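Here is the structure we will look at, set down as structure tokens.
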Amino acid sequence: MNQDIILEVKDLSVSFYTDNRKNNAIRNVSFVAQRGKTLCIVGESGCGKSVSASAILRLLPELSRIENGEIKYYGREEPINIEKVDPDGDLIREIRGGEIAMIFQDPMTALNPVYTVGYQISEMLLEHNKDMKKDEAMKKSVELLSAMGIPQADQRVNEYPHQFSGGMRQRAMIAMAMSCNPKILLADEPTTALDVTVQAQIFELMDNLKKDYDAAIVLITHDMGVVTELADNVSVMYMGYVVEDGTVDEVLRTPAHPYTKALLASIPILGRGRNQKIEPIRGSTPDPFNRPPGCQFEPRCDYATEKCREAMPEREFISGEHNVRCYCYKEVLKDE
Ligand SMILES: Nc1ncnc2c1ncn2[C@@H]1O[C@H](COP(=O)(O)OP(=O)(O)OP(=O)(O)O)[C@@H](O)[C@H]1O
Ligand SMILES: [Mg+2]
């Protein structure tokens, strides 16, 4: 067992049961987060990124269920099987925020409208630092807000979330997540709503958390540009499956899945000039209630053969840390 692994998600499946219909939101998803490393989970809207992150903290929406798999947390002396703990119990509450912090896509899911921003950050600090005094916690809250680029933080700290702009709420939530120096930071599209300068500041803070505190970062994004800048490891998701994963070099330099390749072809690469060919991926993602019978990417894939229409390919090991779910990956690699 690699000592650097702090979280291991193994064969995790989560389904939603709505209107007598079942949606297999994520299927046999596996990935690991390592101390001092950033794992980027990338994929189009609806592929299961947020569901994967919510499962780790046992914050899954109603009507959903963990069907199978393991979520193993190695941050304590004894490993903890998170999929088995009581989702309303003390153990997960201690872990949430203190040891595994999450930055959500929507800041209002993390901020409580009836308390001031400063009160909420202080409470988080006090809950996870038994020796801290109240005024110390408030002072630290101001520092954190200020470090997140919130002007007049000493006054703003007494305001309520609705008095903050969208971007400021996002920053307040990130300050809260960073406040306890978590061992794992789960960040779900943390900067989508922010301008590029603030985005850069936030990524720098996350990088510091990784370098200075040896934290593991799990960063969810649909932006391949972010992946190239921040990732050590990458998991590419499509329709609930991890279709390719490996180190950032393996996945970006030698993409083995046609979907990864298509994702890379659909982003402009800096320095390649104005005449580069940018190709959108043809077709659209299937309806999760009406899935293709075989490989989920088959209807959009240029490499597809008869076999691809029969069953979803198993995860196959290529080399190093590189894995793929594709019958045709050898052809794809040949085309590089
Ligand atoms: N609260 C919910 N109720 C029912 N189905 C849901 C719910 N949340 C997610 N799903 C379904 O689970 C699947 C995965 O959704 P998820 O939110 O994880 O996607 P995502 O990759 O985070 O997308 P995005 O990039 O748009 O945030 C989708 O098919 C979605 O419709
Ligand atoms: Mg999401």
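Just so it is clear, none of the values below were taken in a lab; they were calculated from the coordinates. Because the structure is predicted, anything quoted here is derived from the model rather than measured. Every residue, glycine among them, receives a Cβ derived from its backbone with ideal geometry; neighbour counts consider all protein chains shown.
If one computes the Cα centroid of region 162-211 and of region 290-336, what distance in Å separates the two points?
Centre-to-centre distance over Cα atoms comes out at 35 Å.
Counting other beta carbons within 10 Å of each residue's own, what order do PHE317, PHE164 fall into, fewest first?
Working: PHE317 10, PHE164 19.
Final ranking by Cβ density, sparse to dense: PHE317, PHE164.
Nearest 10 degrees, 0 to 90: what angle lies between the long axis of helix 134-147 and the longest principal axis of the chain (Cα atoms)?
That helix lies at roughly 50 degrees to the long axis.
Considering the dipole of the chain built from charges on the beta carbon (Lys and Arg +1, Asp and Glu -1) around the Cα centre, which of LEU230, GLY166, LEU91 is farthest to its positive end?
Working it through, the farthest residue towards the positive pole turns out to be GLY166.
Which value in nm describes the separation of the simple spin-label points at GLU44 and GLU279, placed 7 Å from the Cα toward the beta carbon?
Simple spin-label model gives 1.5 nm for this pair.
How high is the relative contact order of region 171-302, in percent, counting Cα pairs under 8 Å that sit 6 or more residues apart?
Details: 115 pairs, mean separation 21.7, N = 132.
The normalised contact order for region 171-302 reaches 16 percent.
Treating cross-link reach as a plain straight distance, find the aspartates and glutamates whose alpha-carbon is under 12 Å from the alpha-carbon of LYS330, omitting any fewer than eight places away in the same chain.
LYS330 reaches GLU316.
Using only the Cα atoms of region 209-336, each taken as one equal point scatterer with no solvent, compute I(q) by the Debye sum, divide by I(0), and report log10 of the ratio at q = 0.09, 0.13, 0.15 Å⁻¹.
-0.28, -0.57, -0.75
Please give the FRET efficiency for GLN3 paired with GLU229, using the beta carbon to beta carbon distance and R0 = 25 Å, rounded to the nearest 0.05. If you can, show how the numbers build up before the last one.
Details: r = 27 Å, r/R0 = 1.08.
Working from the Cβ atoms, E equals 0.40.
State the answer as a single residue: which of PRO293, LEU252, ASN323 lies farthest towards the positive end of the charge dipole of region 203-331, with beta carbon charges of +1 for Lys and Arg and -1 for Asp and Glu, about the Cα centre.
Highest projection toward the positive end goes to PRO293.
Taking Cα atoms, how many degrees apart are the long axis of helix 166-178 and the longest axis of the chain, rounded to 10 and kept between 0 and 90?
80 degrees
For THR109 and LYS307 in one chain, what is 0.36 nm times their gap in residues minus the Cα-Cα distance, to one decimal in nm? Each step should come with its number before you reach the end.
Details: separation 198, 0.36 × 198 = 71.28 nm, distance 4.32 nm.
Stretched out fully, the THR109 to LYS307 stretch lengthens by 67.0 nm.
At 7 Å along the Cα-to-beta-carbon direction for both GLU136 and ARG65, put a label point, then send me their distance in nm to one decimal.
Output for this residue pair reads 4.7 nm.
Which length gain, in nm to one decimal place, applies between ASN129 and SER30 when the Cα-Cα distance is subtracted from 0.36 nm times their residue separation?
Values: separation 99, 0.36 × 99 = 35.64 nm, distance 3.27 nm.
32.4 nm is the gain from fully extending ASN129 to SER30.
Please give the helix 117-128 orientation as an angle from the longest Cα principal axis of the chain, in degrees from 0 to 90, rounded to the nearest 10.
80 degrees
What distance in nm separates the simple spin-label points at THR192 and THR247, each placed 7 Å from Cα in the Cβ direction?
Label-label distance for THR192 and THR247, simple model: 3.1 nm.
Which percent of Cα-Cα pairs in region 5-231 sits in each 10 Å bin, short to long?
Using 10 Å bins, I get a P(r) of 8, 33, 37, 20, 3, 0 for region 5-231.
Using 29 Å as the Cα-Cα cut-off, could you pick out the over-long pairs in LYS84/LYS261; LYS49/LYS72; LYS37/LYS84; LYS10/LYS130; LYS49/LYS211; LYS10/LYS210? Each step should come with its number before you reach the end.
On the way: LYS84/LYS261 37 Å; LYS49/LYS72 18 Å; LYS37/LYS84 26 Å; LYS10/LYS130 34 Å; LYS49/LYS211 25 Å; LYS10/LYS210 23 Å.
From the list (LYS84/LYS261; LYS49/LYS72; LYS37/LYS84; LYS10/LYS130; LYS49/LYS211; LYS10/LYS210), the Cα-Cα distance tops 29 Å for LYS84/LYS261; LYS10/LYS130.
Springs between alpha-carbon atoms under 10 Å, Gaussian network over the chain: tell me which of ILE318, ILE202, ILE26 tops the mean-square fluctuations.
ILE318
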